[in-house]
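In what follows, a structure is listed as structure tokens, so that the remarks can point back to it.
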There are 2 protein chains.
Amino acid sequence: AGLLEEVSFLSTARAGHWTALGSPARIGGMELTGKNLIGGRESGVGEATLRGVNPVDGRELQTSFYEASEVEVEEAMTLAAEAAKQMRTYPAEKLAGLCEAIAAKLEEHKVALLDRCGAECAYPEARLNGEFGRTVGQLRQFAAVAREGAWMEAKIDHADPDRQPLPKPDVRSMRRPIGPIVVFGASNFPLALSCAGGDTASALAASCPVVVKGHPSHPGTCEIAGRAIVEAVEECGFPAGTFSLLQGASNDLGKMLVEHEATAAVGFTGSLRGGRALFDLAAARETPIPVYAEMGSFNPQFVFAGKLEAEPEAFAEALFGSMTMGNGQFCTNPGLVFMPQGDGTEKFLAKYRELIEATPGSAMLNAGIQAAFESGVDTVAKLDGVEIVRGEVSGDGCQVGLALVTLSQGTFEANRDAFEEEIFGPSTVVVICPDETGYAMLAEGFPGQLASSIHGTPADFEGAGELMEVLSEYAGRLLVNGFPTGIEICHAMHHGGLYPAATSAQFTSIGLSSIARWGRPVSYQSAPDSLLPDALKEGNPLGIPRLVDGKLS
Amino acid sequence: AGLLEEVSFLSTARAGHWTALGSPARIGGMELTGKNLIGGRESGVGEATLRGVNPVDGRELQTSFYEASEVEVEEAMTLAAEAAKQMRTYPAEKLAGLCEAIAAKLEEHKVALLDRCGAECAYPEARLNGEFGRTVGQLRQFAAVAREGAWMEAKIDHADPDRQPLPKPDVRSMRRPIGPIVVFGASNFPLALSCAGGDTASALAASCPVVVKGHPSHPGTCEIAGRAIVEAVEECGFPAGTFSLLQGASNDLGKMLVEHEATAAVGFTGSLRGGRALFDLAAARETPIPVYAEMGSFNPQFVFAGKLEAEPEAFAEALFGSMTMGNGQFCTNPGLVFMPQGDGTEKFLAKYRELIEATPGSAMLNAGIQAAFESGVDTVAKLDGVEIVRGEVSGDGCQVGLALVTLSQGTFEANRDAFEEEIFGPSTVVVICPDETGYAMLAEGFPGQLASSIHGTPADFEGAGELMEVLSEYAGRLLVNGFPTGIEICHAMHHGGLYPAATSAQFTSIGLSSIARWGRPVSYQSAPDSLLPDALKEGNPLGIPRLVDGKLS
């Protein structure tokens, strides 16, 4: 999402380069070895059993990847803990420099990265280019965030020795880095939310070393991005433990990383099942740590009659464009849509059916996601009172047909639990309501959602204040006349929400504010300038924004 | 702590008023019924089995309190969920008005409140007055925080329709209230961290209804404070479910409250065992919720030779004053002190022994805390190489003698685990080191601490930067030439830290920033002014500080 809208969501992946098996393989000047990258060193003490697979044709891709072992976890985390001690004292300029160097290294290796990513994920070139742009863009944005320094929330309350009945002490506080971060990337954003993605960029900008658990659905993409990061780490003179990449497909590897005593926090983007498993492991530790897991949602859309009367077909095209973005594999996919019955809705449905039927489906990211999508569609399709339209499939492999599910408000209310499960993939569930007056009541009690939208004309919205308020009780982001796909990377973006959309409603996993996850406040009381971090020294040598005696300055 | 330093820590509680048993009892114009307060109504469907006990003489105090039942939990939480819907739309002025009205009501009932509190907690009048001042003071400070509005972190990123390759949308965000809060107060701050304490004040200021689980060690104090809140809620026209008080001594009651589906978050101040139990319950819910538990620590103090050479006796008196504050029952008690061997330390120890021996001990808050203190002191006292000096006990009941424990650095290192357990009460453990050069090494790897201090002269501090950095890796607050007892209520105060000091290192449980616990960010994308909360409307009608396009304004 973000700066990437897809020009076309249909394409066959460029798998042509990946015919020969065996390793190492040279790709665009970068040698793939399948080894783990630990503190700048290659390591493969386990077995090389993990293969990338092209989801278009099911063919195994070049290079076998070594499943990281317990000893490699220990090594990566120990190096990360050592690096954390050094990095926490680094000035913002040095941290910003690393983020920018990683962006430059990714650009150097862009051809290799996008070739391999296309083969592993079946994304079209336009999508890959867009996501690549967002990936390097957010690395540079986090460099700017580090330099600007507002994220540290420096606060100064000056002393008042004359206050009665007791003198007031000098108290200052700021966010300090929490330590080594373990990152679990997303299958559906192999660049922007994976090895060199937002979690890694924000953690490094916050002085925290990163250990990435490579996603088994795109291990080669992870290795190329990881090597780019290692090169930048060396060039910028950071300690070796600043970054490690551990590959693997086992649950054990994730468990070892979350349970390691050096791990200070976890970033995760993926399924509810995966995120909850990591959350449970972290909560059960002797010393619990936070898991910032973003786990998707179905993002209810409420459409008003005026909108559908004015532009039923344009609305159908816009919804269709959002639903098919990334082949429906976006956590912000508008999966559940409420509409009032009427001519506009009939016209919308006619157009939507036409689009579904005219558009052959494409490949999902992997066979597991494909199976889960088909199972999710089947579960709702077989309920009484549910109509379903499926599009065609373009070939074998992980291809799926698009789906339109329609039902009445009554059917929805009778089967509410079934429709409150996310169907991850290219489907739209449309609930036809008698009118809009029941929207607020229908919205009551939705489980936590990443986003929710209302669509209408200014006249439609005259009484929509109450509905917006109900939406704000469950969603992290509310949109007016817009779809949640496409996440702007800015200060005010909140991509998160109440459970089960996320494990922590307090923090966003995307956007500039996501850096706050990797710091914790520390207060300094009556400390002389010589013992204060630069951010809190009286003269403000860093020139950062601070809250001084309750006033922003 | 905060605005209260104790003039004298020795006193017998004013238990004289509480001779007659039976209920209801009229105290300073307030009738104690022992009933739960649910949505402004008295309720006692369970059994009245809980008694307040005067810890000085073990005598049961007037009135039996009704243990809250499952049906009462259900009623309180349901009313709170209803109240949450109304309160979330209230303007800051109305929320501030409630906080101020509660402060005024507490002042109206001050005589009754302090009488009963003195009897239940054995605190001297000066301490009670100080803590009362802090309690009403922080209610008024949170009223000011609500009016000022900075805590909502309003952020606005304006649209840019001309941006390439895609237009930039208008995105705004702010913290919205999370819903009903369950508060578990602290035994040792029966006013400032209990029924009408900081958690309740900050939650109400953030538009969140509150259900207090009354502390079984001071149920009468809770009832009087609870009645004051109920009166204010009615006077200010808030919904009945804004506040409820449920009394009880059972773990089941806490479990029911944490597990109730309407509970959005939990505030807790108390023991590690209690806090961890609530944290585990909350994490195991189908929908996990945050538990903000502050669970105490031993707060390491590092003293340099220059300080001890310059003023060994004054330092002994200052440490003794801090250690005996609240009879040692402060989570900020400086329990573990490192000193270099030498004449200064010998003089310090001679003076400290003299103070311990000249000061008869007073009563702990209850028999459980008394027993835990004696057991904690015994555990370290029987280790090889440990010297112990105990003060006298002034009477029966829950009285304990003060304790000074001394040992060498070698003995500390050989028994590190034993000394990393908090001894809650009036004890000081002094570790005599060969010199100060080992301080940073000794400080490595301490478990999470609320606070840690260094004490020295400017010359001592020339090489102390590294030590401060190590301290900042485990502590939430660092002090220079000061003791952690006495917590200033201000913006920059952080009272929290890494586990086991707290369950969330990201948030403070005391101070103005503690209000942030009760909100979660919500983003609004492309919403017209008419559908935005006032805090985010273009014209800034509330006049609050906001981050606009990355700049504070």
Using 19 Å as the Cα-Cα cut-off, could you pick out the over-long pairs in A:LYS105/B:LYS551; A:LYS155/B:LYS551; B:LYS155/B:LYS551?
A:LYS105/B:LYS551
Please list, or write none, the lysines whose alpha carbon is within less than 27 Å of the alpha carbon of A:LYS110, excluding same-chain residues fewer than 8 places away.
A:LYS35, A:LYS94, A:LYS213, B:LYS168
Cα-based reach from B:LYS351 at 20 Å (exclusive), listing lysines while leaving out same-chain residues under 8 positions away:
B:LYS307
Using the Karplus curve 6.51 cos²θ - 1.76 cosθ + 1.60 with θ = phi - 60°, what ³J(HN,Hα) values do you get for each residue of the stretch B:341-346, in whole Hz, with x for Gly and Pro?
5, x, 4, x, 5, 4
Could you please state, rounded to a whole Å, how far the C-alpha centre of the stretch B:75-112 is from the C-alpha centre of the stretch B:171-188?
14 Å
Computed, not fitted: 222 nm per-residue ellipticity of chain B from DSSP H runs ≥ 4 (each -39500 (n - 2.57)), nearest 500, equal to -11000 deg cm²/dmol
Over the stretch B:220-340: Rg over Rh, Cα atoms, Kirkwood Rh:
1.15
Given N residues in the protein assembly as shown, what is its alpha carbon radius of gyration divided by 2.2 N^0.38 Å?
0.96
Taking a label point 7 Å from Cα toward Cβ, how far is A:ARG273 from its twins in the other copies, in nm, shortest first?
3.9
So what's the projected area for the stretch B:59-182, the Cα convex hull averaged over all directions, in nm²?
12.5 nm²
How large is the Kirkwood hydrodynamic radius of the stretch B:193-253, counting all unique pairs of alpha carbons, in Å?
11.8 Å
Taking a ≥ b ≥ c as the square roots of the Cα gyration tensor eigenvalues, with a/c under 1.5 meaning rounded and otherwise prolate when a/b beats b/c or oblate if not, the stretch B:48-92 comes out oblate
Can you list, largest first and rounded to whole Å, the semi-axes you get for the stretch B:401-478 by taking the square root of 5 times each eigenvalue of its Cα gyration tensor?
21, 15, 14
Straight-distance crosslink candidates among aspartates and glutamates, where the alpha carbon sits under 14 Å from A:LYS347 and sequence neighbours closer than 8 are dropped:
A:GLU309, A:GLU311, A:GLU313, A:GLU317
What share of all Cα pairs of chain B, in percent, falls into each consecutive 20 Å distance bin?
22, 51, 25, 3, 0
Starting from one equal scatterer on each C-alpha and no solvent at all, send me the Debye-based log10 I(q)/I(0) for the stretch A:444-525 at q = 0.11, 0.20 Å⁻¹, two decimals.
-0.36, -0.93
Report the relative contact order of chain B, percent, no decimals, based on alpha-carbon pairs under 8 angstrom and at least 6 residues apart.
18 percent
Shape metrics for the stretch B:241-307, restricted to C-alpha atoms - Rg then Dmax, Å
16.7, 58
If you take every DSSP beta bridge fully contained in chain A, what fraction is antiparallel? Give it as a percent rounded to 5.
45 percent
Which value, to two decimals, describes the C-alpha radius of gyration of the stretch A:157-237 once divided by 2.2 N^0.38 Å?
1.76
Debye intensity ratio I(q)/I(0), log10, the stretch A:402-549, q values 0.21 Å⁻¹ (C-alpha model):
-1.46
For the stretch B:80-145, the accessible surface attributable to carbon and sulfur atoms (probe 1.4 angstrom, ligands and nucleic acids excluded) amounts in percent to 57 percent
Tell me the accessible surface of A:MET174 in square angstrom (1.4 angstrom probe, heavy atoms of protein chains only), to the nearest ten.
10 Å²
Whole-percent tail of the Cα-Cα distance distribution for the stretch B:361-413, cut at 18 Å, equals 36 percent
One decimal, nm, shortest first: give the distances between the label point of A:ALA126 and those of the same position in the other copies, each label point 7 Å from Cα along Cα→Cβ.
7.8
For the stretch A:450-503 the mean separation of alpha carbon contacts under 8 Å (6+ apart) over residue count, i.e. relative contact order in percent, is 48 percent
At a probe radius of 1.4 Å, what is the per-residue accessible area of B:THR503, in Å² to the nearest 10?
30 Å²
Based on the Kirkwood radius over alpha-carbon pairs, what is the Stokes-Einstein translational diffusion coefficient of the stretch A:308-407 at 37 °C with 0.692 mPa s viscosity, in µm²/s?
231 µm²/s
Counting each pair of different Cα atoms once, what's the Kirkwood radius of the stretch A:150-295 in Å, rounded to one decimal?
16.8 Å
For the stretch A:484-508 and the stretch B:311-385, write down the distance between their C-alpha centroids in whole Å.
48 Å
Would you work out the relative contact order for the stretch B:429-553, in percent, from Cα pairs under 8 angstrom that are 6 or more residues apart?
19 percent
Once the label point is placed 7 Å from Cα along Cβ, list for A:ASP529 the distances to the corresponding points in the other copies, in nm, shortest first.
4.5
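The values are calculated or read from the model by the stated rules, or taken from the named source; none is laboratory data. Keep in mind that what you see is a predicted model, and the values were worked out from it rather than measured. Cβ coordinates were reconstructed from backbone atoms using ideal geometry, including for glycine residues, and neighbour counts include every protein chain displayed. Side chains included, ligands, DNA and RNA excluded: accessible areas come from the protein's heavy atoms. Shrake-Rupley method; radii C 1.70, N 1.55, O 1.52, S 1.80 Å.
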